[in-house]
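Below: the structure, in structure tokens.
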Amino acid sequence: MTTVVIGSGINGMVAAAELARAGVPTVLLERADRIGGFIAADPERTVPGFLHDTYSSWHPLFVSSAAFGELGGELAARGLAYSNSETAVTASTADVQGERRTSIAYRDPARTAEGFASAADRDAYLGMLEEFGTRAPTIFGALGAELGSAPVLGKLGWKAVRGLKVAGVEELARDALTSARSYLRRKFTGWEVDALWTPWGLHSGLGPDHATGGMMIPVFAAAMHQFGLPIVTGGVQGFLTAFESLLRDSGVEIRTGVEAEEIVTAGGKVTGVQTSAGLITADTVLASVSPGALYGTLLARAPEVATQRKSATSYRPGRAAMQLHFALDKPLQWEDEALREVPLVHLSDGSGSTGIACAQAEAGLLPSSPTVVVGQQSVVDSSRAPEGKATLWLQLQEVPFAPIGDAREQIDTSGGWDDAELRQRYVDRVLDRLEEFAPGTKSTILGTDVIAPTDLLAANPNAIAGDPYGGSAELDQNLRWRPFPGAAEHRTPIAGVWHIGAATHPGPGLGAGSGHIVAQRIITRRTR
């Protein structure tokens with residue numbers, strides 16, 4: 001019988017490839033006219049000659065993942081190559097009470113710590129990374145396991161006690177229940193570590209005051225020190241080309257432009273998938289969709305999931321996001337010249353400004369001073385732009401999907417994101433903020449492309465309310481409770497139907513955790 005994978009984002013592609021390579025007949029369905037989900041490239045996004053990664057761009061989670069260990073060699077053989085920085089990786093810069101503050105992280109942790117004013121903070125930072133080394137097997141064991149399964153959870157707990165002892169497990173649990181703001185206040189006296197790593201929580205859907213942020217601070221830091229911020233050489237189209245080649249060579253039947261309409265069941269078991277192009281008989285289905293789409297649409301007629309269907313109606317999206325692309329006549333002219341060689345810079349002072357912007361966005365307001373993620377792909381990959389020029393990739397992760405006002409009371413939001421003037425005025429606010437640190441940026445712009453929250457939803461139905469991270473990552477929708485109790489195990493009550501994607505454990509990002517977990521469970525027949 002056939003296995004059908006619904007949705008070709010990173011989890012769908014990884015699951016389909018691993019299953020097919022294990023000899024499982026696999027069909028990959030994608031409603032769009034291309035595979036990849038939020039991995040996309042468009043050479044004409046701004047002006048010809050500039051290569052932009054439309055949505056996601058940075059691949060540290062993928063190159064450090066179990067999926068990459070399984071498939072990385074095959075993808076490289078099909079042309080996938082990465083560009084990376086061996087020196088500076090990320091930075092944050094902000095003006096605080098008239099003082100310009102900039103903190104830079106390098107691949108070398110010791111060099112990074114040298115930039116901290118406090119000797120105690122330098123020691124604490126290196127100590128944090130050393131402590132993470134002892135915790136890593138437990139943390140990554142949990143992120144790569146079926147936390148919805150009580151037996152699996154029990155085994156993880158026993159291993160954690162053996163490795164960390166009871167006191168160590170208790171301290172890890174304390175950090176896991178702590179926000180980034182609180183964790184950093186407890187560990188450090190200066191501002192540098194907060195400025196560097198708190199904004200990175202936005203990339204996993206977290207704010208400075210969300211639980212689990214304390215655990216994620218050393219995860220982000222250790223990952224970037226070890227793996228840097230690799231991007232696909234020549235743009236992410238190379239990633240998609242290599243993956244499509246691998247899928248086809250492995251025997252996956254790829255059907256684009258075909259929408260799954262219903263998962264057909266009988267007697268509590270899956271029998272097929274009804275699509276816009278006809279019925280596919282199947283005994284296994286992996287659905288990389290939102291909880292509402294799975295339980296409320298695809299399994300709408302299955303009485304066995306009535307409880308999950310009800311719970312899905314209260315599953316919450318996180319904050320919306322925006323993506324801005326610019327073709328520049330020359331690279332950003334940062335006042336702090338050290339930032340000209342940093343691939344990714346956050347305009348943020350850490351928990352302070354980012355916390356305020358998150359609160360404003362969650363209240364439905366356009367933030368007065370948003371955290372701006374400044375991607376300078378051309379720094380590590382010169383093929384992204386003509387010689388002497390540059391691409392600019394800006395991401396905004398604190399945006400209301402349906403704004404009800406402006407925190408500065410300057411922009412009329414009554415027309416929503418369909419209003420071209422609202423879009424332009426908010427983009428101007430973002431560029432004005434960037435100009436504070438890189439004067440003259442506006443005068444170098446050759447082409448612009450704006451992707452608003454409503455555009456994200458139009459491009460990908462999993463981005464409910466413009467949230468590209470598959471739902472709020474607050475604790476009640478995270479880890480063992482993602483997406484919600486009663487559905488946290490990827491296997492659903494319908495035999496043969498599995499739920500994967502950003503709305504399932506271990507959550508969003510390019511690590512492909514859920515796709516890999518489920519594929520390996522099917523391959524090894526460990527379905528319980």
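Couple of notes before you dig in:
- Looking only at residues of the stretch 21-64 that are among the aromatic types (Phe, Trp, Tyr) and in a loop (DSSP other than H, G, I, E, B), we find that the one that is surrounded by the most Cβ atoms within 10 Å (Cβ to Cβ) is PHE50.
- Of the residues THR265, THR281, THR275, the single one that is open to solvent by less than 60 Å² (accessible area, probe 1.4 Å), in the same structural domain as GLY9 (by the TED database), more than 18 Å from ASP33 (Cβ to Cβ) and touching a residue at least 24 places away in the same chain (Cβ under 8 Å) is THR265.
- Members of the stretch 418-445 that are buried (at least 16 other Cβ atoms within 10 Å of the Cβ) and touching a Phe, Trp or Tyr at 6+ places or on another chain (Cβ under 8 Å): ARG423, PHE437, ALA438
- Any hit, the stretch 230-241, residues being assigned by the TED database to the domain that holds PRO508, more than 24 Å from HIS52 (Cβ to Cβ) and either under 23 Å from the mean Cα position of the chain (by Cα) or open to solvent by less than 10 Å² (accessible area, probe 1.4 Å) (or both): no
- Scanning the stretch 155-164 for residues that are in contact (Cβ under 8 Å) with a residue 24 or more places away in the chain and under 25 Å from LEU339 (Cα atoms) turns up nothing.
- Of all the numbered requirements in (1) surrounded by 24 or more Cβ atoms within 10 Å (Cβ to Cβ); (2) closer than 30 Å to VAL232 by Cβ; (3) out of contact with any Ser or Thr (no Cβ under 6 Å at 6 or more places or on another chain), LEU299 misses one, and that requirement is (2).
- Of the criteria (1) β-branched (Val, Ile, Thr); (2) buried (at least 21 other Cβ atoms within 10 Å of the Cβ); (3) in contact with a His (Cβ under 8 Å, 6 or more places away or on another chain), which one ILE464 fails: (3)
- Residue check, ALA300 under 21 Å from TRP498 (Cβ atoms), assigned to a helix (DSSP H, G or I), aliphatic (A, V, I, L, M) and free of Cβ contacts under 8 Å to residues at least 40 places away in the same chain: no
- Qualifying residue in the stretch 480-487 (condition: free of Cβ contacts under 8 Å to residues at least 60 places away in the same chain and open to solvent by 50 Å² or more (accessible area, probe 1.4 Å)): yes
The values are calculated or read from the model by the stated rules, or taken from the named source; none is laboratory data. Because the structure is a prediction, the values reported are computed rather than measured. When we count neighbours, we look across all protein chains shown, and the Cβ atoms used for this are built from the backbone with ideal geometry, even at glycine. Just so you know, the surface numbers come from the protein's heavy atoms only, side chains and all, with ligands and any DNA or RNA stripped out. Shrake-Rupley method; radii C 1.70, N 1.55, O 1.52, S 1.80 Å.
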